Amino acid sequence: MSGPVLDVRDVRKSYGDLEVLHGISLTIGHGEQVAVVGPSGSGKSTLLHIVGTLDRPTSGTVVVDDRDTSEMSEAELAGLRSHRIGFVFQSFHLLDGVSATDNVAQGLLYRGVRRHERTHRAREALRRVGLGHRLEHDPRLMSGGERQRVAIARALLNRPAIVFADEPTGNLDSRSGAEVLALLGELHAQGTTVVVITHEHEVAAAMQRRVEIRDGLVHADSLASVAGGLR
Amino acid sequence: MSRLRSRVRLVDQARVSGVALRSRKVRSVLSALGIAIGVATVVSVLGISRSSQADLLDQLDELGTNLLQAESGEGFGLGDDTTLPDTAAAGVRNIAPVQSVAMVTELGESVLRSSLADPDQTQGISLRAAEASTLDALAGTMAEGRFLDDAIGAYPTAVLGAVAAERLGLTEVDGRTSVWIGGRSWLVVGIMDELPLAPDLDRSVLVGYAAAEAYVEDDLAPTRLYVRADADVVDDVASVLAAQANPEAPENVDVSRPSDALEAKAAAEDAFTSLFLGLGAVALVVGAVGTANVMVMSVLERRGEIGLRRALGATRGHIRVQFLVEAVLLSVGGGVLGVLGGAGVTRGYTVWNEQPYALPAAAVGYGLLAAVGIGVLAGVYPAARAARLSPTEALRSG
């Protein structure tokens with residue numbers, strides 16, 4: 001496990017004749033906190049789906065946690081996601097009518113972990129994100145910030161090698177957004193590798209490293225500018 | 001490097017499906033109801049039919065299937081003489097396996113409530129002379145009073161069939177009740193219960209042979225014989241009955257077995273059962289279409305959830321099983337409800353009709369089996385659609 005957590009090599013993605021990603025290369029190491037920024041339509045959501053193994057590139061390779069995903073079957077990709085990858089979505093994707101604990105516990109469902117242990121770890125995760133007092137609440141009765149924290153707890157439950165967050169503050173007011181950002185900062189401090197996709201500058205500014213995508217290409221990378229000569 | 005695999009424990013898979021149904025209670029109950037109605041129809045139709053049959057078979061058991069009836073036929077060129085010879089009963093008694101014979105003669109006189117009644121208004125009630133052994137031969141019972149016997153059969157006394165009593169407006173026998181026959185009053189000594197083996201006697205008034213001869217008419221050649229024979233040779237007795245009753249013209253004797261009519265009734269109910277089962281099947285198909293519809297809607301609405309589960313590591317197979325199990329749970333829930341409902345309906349029907357309660361295990365089994373089958377059928381297509389959805393497509397819609 002000495003290599004980077006995520007190694008993207010010359011990834012292209014086309015829909016019919018339309019090429020959305022024109023050859024993106026990106027390497028993210030353990031414990032990094034990265035913002036992928038870019039205007040809407042720049043291809044950053046497509047990139048997130050591909051590096052998250054939810055979609056396959058037309059060409060190029062994606063290596064997650066030293067595993068080359070281009071040679072994996074659909075079922076193997078699902079296995080990789082269930083063990084090594086966590087997701088946070090703009091619209092939370094929580095199950096209505098199901099308690100916060102059970103929502104978070106879904107994060108271990110597809111690893112065959114027993115219910116008792118899932119629940120135990122879900123409670124622990126909720127306490128970690130500061131929702132120890134909301135364990136049995138229905139997410140419909142929670143504020144947006146709380147709901148996103150539930151989603152983050154769910155993403156952390158399988159102790160992923162990397163967490164992808166797609167516009168995690170996009171549906172939140174600025175106070176809740178700040179709350180979520182602070183939480184992501186804490187996670188980074190504890191060593192979790194986080195990639196945040198965003199078009200908001202305040203979010204990007206809060207991250208350790210910024211990668212700017214424009215027109216399907218890496219336009220700028222703050223790491224490259226710091227460590228310029230290395231590439 | 002170790003292979004990473006997604007796997008879900010079976011109980012968890014069932015739990016996920018169950019939670020999904022629980023969080024959409026109204027919709028789940030309504031779509032299960034469709035199936036419940038179909039299953040309830042099937043179960044209650046089978047239950048009621050089985051209970052009715054059990055009732056008829058009980059009746060047959062009680063009444064016995066060894067009764068034969070010999071009647072003067074209405075063949076060609078017989079003129080008005082529709083009686084058996086006077087020697088008929090004696091001839092039949094000569095058949096060894098015959099246990100008993102009871103003779104009945106149809107009389108022309110009408111039966112009136114009183115001397116003031118219009119003699120043309122007979123209300124379809126006929127007068128018959130009957131031997132004292134008739135009641136036992138027909139395995140009949142008395143609702144009121146007693147049957148004719150040799151002692152009172154010589155006097156103007158009468159026994160009423162159940163329908164005849166009702167038409168005459170008589171419900172009890174108090175020693176003064178009388179009817180008007182042939183210009184004189186006859187004391188009513190008893191009212192019979194219905195006779196399942198001889199429904200025409202229900203509409204008759206019976207008098208003793210001695211009294212009939214003394215007060216009505218003297219030609220009392222029998223018009224019908226009731227014959228009880230040993231049960232295992234009933235068919236053999238039936239084949240020689242005509243010749244023994246009327247050796248000169250056996251072709252003029254109609255021989256029948258009254259219990260056949262009851263058996264035919266049981267068979268006829270079978271035909272009805274098939275018809276209603278057909279209706280139940282239609283209800284089940286409608287229920288299945290309803291469930292499939294609900295499941296398709298559910299898949300469309302829950303694209304976000306499907307995308308999330310794929311992101312959490314669910315394979316296409318996991319998604320397929322989740323929706324399939326949901327459909328089966330929904331349908332089996334409806335099935336259980338339907339079996340309970342059907343059993344309840346059957347129970348109510350049998351209590352209402354004072355029949356024995358019998359619910360065939362096959363009805364319960366078929367009902368539940370049908371529910372599982374419908375669940376699978378209704379779930380296959382929606383589950384395939386859910387599984388086919390790509391994660392990116394599913395997440396975009398959320």
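Just so you know, all these numbers are worked out from the coordinates, no wet-lab data involved. It should be emphasised that the depicted structure is a prediction, and the values quoted were computed from it without experimental measurement. Glycine gets a Cβ as well: all are built from the backbone with ideal geometry, and neighbour counts include every protein chain shown.
List every DSSP H helix in chain B whose Cα atoms extend 15 Å or more along the helix's own long axis and whose mean Kyte-Doolittle hydropathy is at least -1.0.
Span-like helices in chain B: B:10-22, B:25-63, B:234-245, B:259-301, B:316-352, B:361-388.
Return the distance in nm (one decimal) between the two label points of a simple spin-label model at B:LEU116 and B:VAL296, each offset 7 Å from Cα along Cα→Cβ.
A separation of 7.6 nm, rounded to one decimal place.
Students often check this: by mean Cβ neighbours within 10 Å, which of A:199-208, A:16-25, A:143-152, B:298-307 ranks highest, and how do the rest follow?
The most tightly packed comes first, giving A:143-152, B:298-307, A:199-208, A:16-25.
Per-residue ellipticity at 222 nm for the protein assembly as shown, helices alone: DSSP H runs ≥ 4 residues times -39500 (n - 2.57), over residue total, nearest 500 deg cm²/dmol?
Estimated from H runs of four or more residues: -15000 deg cm²/dmol.
Using Cα centres only, tell me the gap between region B:335-393 and region B:94-138 in whole Å.
54
What is the packing order of peptides A:42-49, B:98-105, taking the mean over residues of other C-beta atoms within 10 Å and listing the highest first?
A:42-49, B:98-105
What does the average come to when, for each residue of peptide A:130-140, you count the partner chain Cβ atoms lying within 10 Å of its Cβ?
Taking the mean over all residues of the peptide, I get 0.
Over the Cα atoms of the protein assembly as shown, each weighted equally, I'd like the Debye log10 I(q)/I(0) at q = 0.06, 0.07, 0.08, 0.09 Å⁻¹, rounded to two decimals.
-0.56, -0.62, -0.70, -0.80
So for the pair A:GLU117, B:GLU354, with labels modelled 7 Å out along Cα→Cβ, what separation do we get in nm?
With each label placed 7 Å out from Cα toward Cβ, I get 6.7 nm.
For region B:146-274, what does the alpha-carbon gyration tensor say about shape, rounded, prolate or oblate, given a ≥ b ≥ c as the root eigenvalues, a/c under 1.5 as rounded, and a/b over b/c as prolate?
It is oblate, given that a/c is not under 1.5 and a/b is not larger than b/c.
Which whole number gives the average count of other chain Cβ atoms within 10 Å of the Cβ atoms across peptide A:46-56?
3
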